[in-house]
1. I want to verify the translational diffusion coefficient of region 167-216 in µm²/s; compute it with Stokes-Einstein, Rh as the Kirkwood radius over Cα pairs, at 4 °C and 1.567 mPa s.
2. Classify region 231-272 as rounded, prolate or oblate from the Cα gyration tensor: take a ≥ b ≥ c as the square roots of its eigenvalues, call it rounded if a/c is under 1.5, otherwise prolate when a/b beats b/c and oblate if not.
3. If you roll a 1.4 Å probe over the heavy atoms of the protein chains, what accessible area per residue do you get for the chain, in Å²?
4. Out of region 150-216, which GluC sites (Glu not before Pro) are coil in DSSP terms and have no more than 10 other C-beta atoms within 10 Å?
5. Once the convex hull of the C-alpha atoms of the chain is built, how many Å³ does it hold per residue, rounded to a whole number?
6. Exceeding 30 Å between C-alpha atoms, which entries from my cross-link table qualify? They are Lys172/Lys281; Lys84/Lys107; Lys172/Lys270.
7. Could you grab the relative contact order for the chain? Cα pairs under 8 Å, six or more apart, rounded to a whole percent.
8. Dividing the alpha-carbon Rg of region 84-223 by 2.2 N^0.38 Å yields what?
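The values are calculated or read from the model by the stated rules, or taken from the named source; none is laboratory data. Not measured: the values here are computed from a predicted model. Here the Cβ positions follow ideal geometry from the backbone for every residue, glycine too, while neighbour counts run over all protein chains shown. Side chains are part of the model used for accessible areas, which takes the heavy atoms of the whole protein and leaves out ligands, DNA and RNA. Shrake-Rupley method; radii C 1.70, N 1.55, O 1.52, S 1.80 Å.
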Amino acid sequence: TSALSQQISRLESELSTRILVRSASGVTPTEAGALFCQHATLALRHLDSAVQAAQGARLSGLVSLGLAPTTSSVLALPLIQAMKRRYPHIRLQLVEGMSGHLSAMLKSRQIDLAILFNPETGFPIRDVMPLLDETLFLIGRSEVLQQAGIEPGTEQLSLEQVVALPLIQPSKGHGLRDSLDRAFANAGSSPNVQMEIDSLAVIMDVVSAGLGATIQPGAALTRDATRKLAVIPIAMEEVRRSNLLVSLPDHELSPATLVLRAQLRKVVAKLVRDGRWLGAKLHESE
């Protein structure tokens, strides 16, 4: 509308830069416009938290956390319960998605925190906290594994033994897949990925149907304890998955977000120490 165009023009004058490029095909943001939008979105979210905090005497506000499906299956409920018990006025928004998507959401200020797996996240080191390392497991029906010469009772495997198996994994660009591709490359081979599926639930359904096997952390089995699948750890140390708690810079975090970050680390440590996170080992700093 004319009124909106005038407001945008006034904003561009105040900023002394163009934030939109207008053409016959439509309007697209400039690089400056995209950056302005990211920071404006963050400011509006913090303003909402500030209003809620001012209206109540206790710590409150909205905090958003991104978790991969495997992590969510073991961590989400205990974390929600802990936050509800200790900080009932903080509103927790959980976003479940593959690590590649969560990384993009964090960089665009759509979420405050995320647990990511790829150490090459592109975030400043001060904003990345190592949480834990996970053993990865080969998961599949016994008859599928036996066709590749792998007995279900095997205590541990090397990547060379897995090469012949038809694997079902997330697509490239996600933390687990990228870590596996690097590990196979370092071992001088490549995985036989038959299907790429960016949904843990669908991956487990397809594996349960006997259409292939998958390599996942133990947390992937949390919601699938009733499935009759063989689970064999991968022995190689470099195949372990690192879990990194990544956040926006501290100066951009609200008090409620800082509370969530501290509480999350406590809940993770307790889950691992209580043996409720299969194949997980706390990072040395924990």
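1. 117 µm²/s
2. oblate
3. So the chain comes to 50 Å² accessible per residue, rounded to a whole number.
4. In loop regions of region 150-216 (DSSP not H, G, I, E or B), the sparsely surrounded GluC sites (Glu not before Pro) are Glu155.
5. Residue-normalised Cα hull volume stands at 178 Å³.
6. In this structure, Lys172/Lys270 lie more than 30 Å apart at Cα.
7. 25 percent
8. Normalised Cα radius of gyration, region 84-223: 1.20.
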